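The structure appears right after this line, and notes come after that.
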Amino acid sequence: MSLPEDEERLLPLAQRWPRASKFLLSGCAATVAELATFPLDLTKTRLQMQGEAALARLGDSARESAPYRGMVRTALGIVQEEGFLKLWQGVTPAIYRHIVYSGGRMVTYEHLREVVFGKSEDKHYPLWKSVIGGMMAGVVGQFLANPTDLVKVQMQMEGKRKLEGKPLRFRGVHHAFAKILSEGGIRGLWAGWVPNIQRAALVNMGDLTTYDTVKHYLVLNTPLEDNIMTHGLSSLCSGLVASILGTPADVIKSRIMNQPRDKQGRGLLYKSSTDCLIQAVQGEGFMSLYKGFLPSWLRMQSGWITQGYPMRPGTEFSRRFEC
């Protein structure tokens with residue numbers, strides 16, 4: 001039953017516009033998390049581009065001249081060769097991306113849960129609905145955020161291009177958007193969207209399924225109660241599974257987004273995500289699909305700490321805060 005207009009005006013903004021409030025809250029939390037963990041994301045992207053076999057087709061000598069570096073050496077190399085602040089190169093489009101992705105995912109998940117799926121007769125929201133809703137929400141959020149993800153990946157690689165003596169592609173974030181749009185049109189802004197939404201679906205599936213499963217197991221079979229320790233252990237396991245499932249698609253997505261393009265905006269290295277997958281495995285081995293795995297996993301854990309476990313969509317604990 002709706003409240004009288006005078007009483008409704010007295011309600012807090014969060015109760016008057018719950019979904020808009022959640023969008024803003026999710027966006028703010030995502031911004032804080034992005035600033036805190038972005039060096040891990042930059043390191044991950046640089047690792048994913050190391051030893052890219054397809055560059056040999058263009059006669060690029062970067063693959064042969066650049067020595068292999070692990071996560072720590074890559075991060076230290078960025079600081080020593082480019083400067084400490086370059087660890088945050090590309091953070092602006094990354095913030096844009098997380099505001100769009102996190103907010104869009106949260107609002108979509110709420111809509112799916114309340115309108116499409118609904119609760120059962122006993123007011124219980126089953127796990128399979130959480131998994132499907134989380135996957136669908138992740139796909140929608142990632143699709144909407146793809147242009148910002150594209151700009152982020154390309155800007156993260158600008159420092160490496162400068163070290164290799166290549167011309168920089170962009171003067172800034174807005175120039176990057178304008179240039180991509182002018183060269184490839186609207187379609188160019190969604191380059192790499194297929195592996196991008198595949199990654200989002202796999203990450204959300206692994207995250208939500210593992211999180212609830214591990215938490216319920218710990219509560220039922222160990223002395224642990226439903227508290228921050230249980231949620232922390234569950235998040236550690238869910239982040240690991242999500243990284244295992246999502247890293248191959250993330251590698252493919254990053255390489256497709258960063259590949260050189262012709263004047264019409266068409267990629268010069270890969271025809272599709274499948275072509276990128278085949279070239280990576282044939283030229284570098286299967287484990288090339290897991291380049292950047294460690295910083296990706298660490299970032300998921302640190303992002304959980306920064307944003308706080310109550311914001312995890314689909315879990316019982318989060319629903320207490322979403323009512």
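Going Cα to Cα from Lys129, which lysines come in below 25 Å? Please leave out same-chain ones fewer than 8 positions away.
Lys22, Lys119, Lys215
Between Asn227 and Val116, what is the FRET efficiency for a Förster distance of 30 Å, r being their Cβ-Cβ separation, to the nearest 0.05?
Values: r = 32 Å, r/R0 = 1.06.
In this case the efficiency is close to 0.40.
If you add up the charges near Gly192, with Lys and Arg at +1 and Asp and Glu at -1, over every other residue whose beta carbon is less than 11 angstrom from its beta carbon, what do you get? Please report the intermediate quantities before stating the final value.
Working: positive: Arg199, Lys253, Arg255; negative: Asp149, Asp250.
Residues close to Gly192 contribute a combined charge of +1.
Using a 1.4 Å probe on the protein heavy atoms, what percent of the accessible area of the range 132-205 belongs to carbon and sulfur?
Working: 2230 of 3290 Å².
For the range 132-205, the apolar C and S fraction of the accessible surface comes to 68 percent.
Would you mind calculating the gained length between Trp88 and Leu35 on full extension (0.36 nm times residue separation, minus the Cα-Cα distance), in nm to one decimal?
On the way: separation 53, 0.36 × 53 = 19.08 nm, distance 0.79 nm.
Length gained between Trp88 and Leu35: 18.3 nm.
Quick check for you: with a 1.4 Å probe and neighbouring chains kept, what is the accessible area per residue of the range 172-228, in Å²?
Per-residue accessible area for the range 172-228 comes out at 53 Å².
Report the local net charge at Leu144: Lys and Arg +1, Asp and Glu -1, summed over other residues whose C-beta lies under 12 Å from its C-beta. Intermediate values should be presented prior to the final figure.
Values: positive: Arg97, Arg105; negative: Asp149.
Computed value for this residue: +1.
Using a 10 Å cut-off on Cβ atoms, rank the peptides 196-206, 230-240 from the highest mean neighbour count down.
Working: 196-206: 23.6, 230-240: 20.0.
In descending order of packing, they fall as 196-206, 230-240.
Determine, from the Cβ-Cβ distance of Leu240 and Leu25 and an R0 of 30 Å, the FRET efficiency 1/(1 + (r/R0)^6), rounded to the nearest 0.05. Show your work: numbers first, answer last.
Values: r = 27 Å, r/R0 = 0.90.
So the FRET efficiency works out to roughly 0.65.
The values are calculated or read from the model by the stated rules, or taken from the named source; none is laboratory data. Computed from a prediction, not measured in an experiment: that's the story for all the values here. Quick reminder, even Gly has a Cβ in these numbers, built from the backbone with ideal geometry, and neighbours come from all protein chains shown. When the accessible area is computed, the model is the full protein with side chains, heavy atoms only, and any ligands, DNA or RNA have been set aside. Shrake-Rupley method; radii C 1.70, N 1.55, O 1.52, S 1.80 Å.
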